[in-house]
Amino acid sequence: MPKLFPLATALLLLAVPALAAPGETPAAPAAPAALPAREPSGVMRYDTNKDGAVDRAEWTAGQQARFKRLDANGDGKLTQDELFARTPAVGNSVLLSDRQAQRQSAYFQRLDTDKDGVVTLVEFMALGERNFARCDLNKDGRIDTAECRQALQRKPAAR
């Protein structure tokens with residue numbers, strides 16, 4: 001039933017002009033509303049000059065802005081809770097599965113290189129730099145979605 005509702009609504013809206021009283025001129029159908037532009041995601045969200053690639057300066061600025069957004073209390077350090085506060089819940093559950101919790105913990109440990117329980121901007125940027133270098137397969141100082149996808153598909157030994 002829920003799948004039929006949009007279809008029924010659309011058909012009803014199309015039929016409304018035909019239901020006009022005799023002698024009335026049916027209103028012209030409204031032009032379809034333009035779909036809102038989709039925000040870029042993944043690596044391309046950092047493409048500020050919209051040239052189809054992310055250079056090192058754009059990447060660095062994007063990573064610094066991301067760190068600042070994640071640092072909820074503004075102390076210049078990320079706790080594990082701050083780092084994952086924006087992680088969407090899975091299904092209707094707000095609790096992470098054991099596997100998800102382990103993956104998040106492992107990621108945090110990889111970021112926290114000095115093992116002091118927080119991630120500084122320097123630690124955060126170091127991993128970001130390694131990720132940029134890993135994606136920049138042709139070493140031209142620019143990355144795009146296809147290049148990153150290709151880099152992620154390589155076997156660990158080839159990296």
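Eight or more residues apart or on different chains, and alpha-carbon atoms under 25 Å: count the Lys pairs in segment 49-158 matching that. Kindly include the intermediate steps, with their values, before the conclusion.
Details: Lys50/Lys68; Lys50/Lys139; Lys68/Lys77; Lys68/Lys115; Lys77/Lys115; Lys139/Lys155.
Lysine pairs, 8 or more places apart or on different chains, close enough: 6.
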Inset, instruction - Please sort 122-129, 104-111 by packing, taking for each peptide the average over its residues of neighbouring beta carbons within 10 angstrom, highest first. - result: 122-129, 104-111
Legend entry - Computed label-point distance, nm, for sites Ser97 and Met125 using a 7 Å Cα→Cβ extension: 3.7 nm
Legend entry - Label point distance in nm, Lys115-Ala57, each placed 7 Å from Cα along Cα→Cβ: 4.0 nm
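Every read-out reported here was derived from the displayed coordinates using simple, explicitly stated rules and does not represent laboratory data. Quick caveat, the model's predicted, so the values are computed rather than measured. Every residue, glycine among them, receives a Cβ derived from its backbone with ideal geometry; neighbour counts consider all protein chains shown.
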